[in-house]
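Each remark here refers to the structure printed beneath this line.
Only the coordinates and a few stated rules stand behind these numbers; no lab work does. Quick caveat: nothing in here was measured; it's all calculated off a predicted structure. Because the Cβ atoms are built from the backbone with ideal geometry, glycine has one as well, and the counts that use them run over all protein chains shown.
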Amino acid sequence: MIDFDKLFQTAALHKGGEDRVRVLLPAVKTPEQLAAQTEAFYLSTMSRRIFRAGLKHSMVDNKWPAFEKAFQGFDPFVCAMMSDDEVDKHMGNRALIRHLRKIKSIRCNAQFMGAIAREHGSFGRWLANWPEDDIVGLWLQLKKKGCQLGGMSGPYFLRMVGKDTFLLTNDVQAVLIAQGIVDRAPSSQKDLRLVEAAFYQWQQESGRSLCEISRVLSLTAALS
């Protein structure tokens, strides 16, 4: 496996210099910042990610003020208590994206977050305290306990709220295959753990966050 410094230099060649690469690196929230965020923030962001999946992000973002209004600021208690009649009402609201499973996921994930908060004090505290060396485990928990959070929706949600994670974009997967970490797009838990181990090795070598490493890998394959 090639060392991270060489990957960084490749990204710099593709993007016009090291300073340009540094500008493109994402930021990570501290555990204290994650713990301080409101439950409504997490439910809104989680729901926005779910609605973004398969759709143009700007279209979803333009409609999000209407979602905030319709779902009362994504108050988790209110959303968890949503009745089927209220779901039907939202399905008739032309200001929203009327996707039944995704609208129902708001109720499901509000209930999921409520259960987490009762056990751990808050959803943000649960994210903040999740072990840094088991990010794939967090992906799997989001997929298992939440709704519509499988595939890359869980990791993208974590990236959006500032929890450190790598992303398996097509470019990142291409680099992982080229480096012999996996021989195909990782989907099994075994392959995901192999990828996770590679990221942690790069993290130890470079002192950089998982999200920074992930971004650098994507830039080594991106020529635009």
* To do: Sum up the charges of everything whose Cβ sits under 9 Å from the Cβ of ALA95, counting Lys and Arg as +1 and Asp and Glu as -1, but leave ALA95 out.
  => +3
* May I ask for the angle, rounded to the nearest 10°, between helix 4-15 and the longest principal axis of the chain, with both axes built from Cα atoms and the value confined to 0 to 90°? => 80 degrees
* To do: Find which of MET113, VAL23, LEU210 sits farthest along the positive direction of the dipole of the chain, computed with +1 on the beta-carbon of Lys and Arg, -1 on that of Asp and Glu, about the Cα centre.
  => MET113
* Return the lysines within reach of LYS144: Cα separation strictly under 30 angstrom, same-chain partners fewer than 8 residues apart disregarded; answer none if there are no such residues. => LYS29, LYS56, LYS63, LYS69, LYS89, LYS102, LYS104, LYS163, LYS190
* Asked: Using θ = phi - 60° and the Karplus form 6.51 cos²θ - 1.76 cosθ + 1.60, what ³J(HN,Hα) does each residue of the range 185-190 get, whole Hz, x for Gly and Pro?
  -> 4, x, 9, 6, 4, 4
* At a Cα cut-off below 15 Å, give the aspartates and glutamates reachable from LYS6, other chains included and same-chain residues fewer than 8 away excluded. => GLU18, GLU205, GLU212
* Can you tell me the relative contact order of the range 1-120? Whole percent, Cα pairs under 8 Å, sequence separation 6 or more. => 23 percent
* **Estimated 222 nm signal from helices in the chain, with DSSP H stretches of n ≥ 4 weighted -39500 (n - 2.57), rounded to 500** => -20500 deg cm²/dmol
* Rounded to the nearest 20 debye, dipole of the chain from Cβ charges on Lys, Arg, Asp, Glu -> 840 debye
* Going by alpha carbons, how many degrees (0 to 90, nearest 10) lie between the helix axis of 210-221 and the longest principal axis of the chain? -> 60 degrees
* Tell me, for the chain, which Cys residues have no other cysteine's C-beta sitting closer than 4.7 Å. => CYS79, CYS211
* Asked: Taking Cα centroids, how far is the range 155-224 from the range 6-70 in Å?
  -> 16 Å
* Structure fact -> If R0 = 35 Å, then ARG98 and GLN189, at their Cβ-Cβ distance, give a FRET efficiency to the nearest 0.05 of 0.50
* To the nearest 0.05, what FRET efficiency results for GLU68 and ALA174 with a Förster distance of 35 Å applied to their C-beta separation? -> 0.40
* Please give, to one decimal in nm, the separation of the simple spin-label points placed at ARG20 and ASP88, each 7 Å out from Cα toward the Cβ. => 5.7 nm
* To do: Counting only C-alpha contacts under 8 Å and six or more residues apart, can you give the relative contact order of the chain as a whole percent?
  => 30 percent
* Which length gain, in nm to one decimal place, applies between SER58 and MET1 when the Cα-Cα distance is subtracted from 0.36 nm times their residue separation? -> 16.8 nm
* **Student exercise, the range 114-224 dipole from Lys, Arg, Asp, Glu Cβ charges, in Debye to nearest 20** => 420 debye
* Where does helix 57-70 land angle-wise versus the long Cα axis of the chain, in degrees 0 to 90, nearest 10? -> 30 degrees
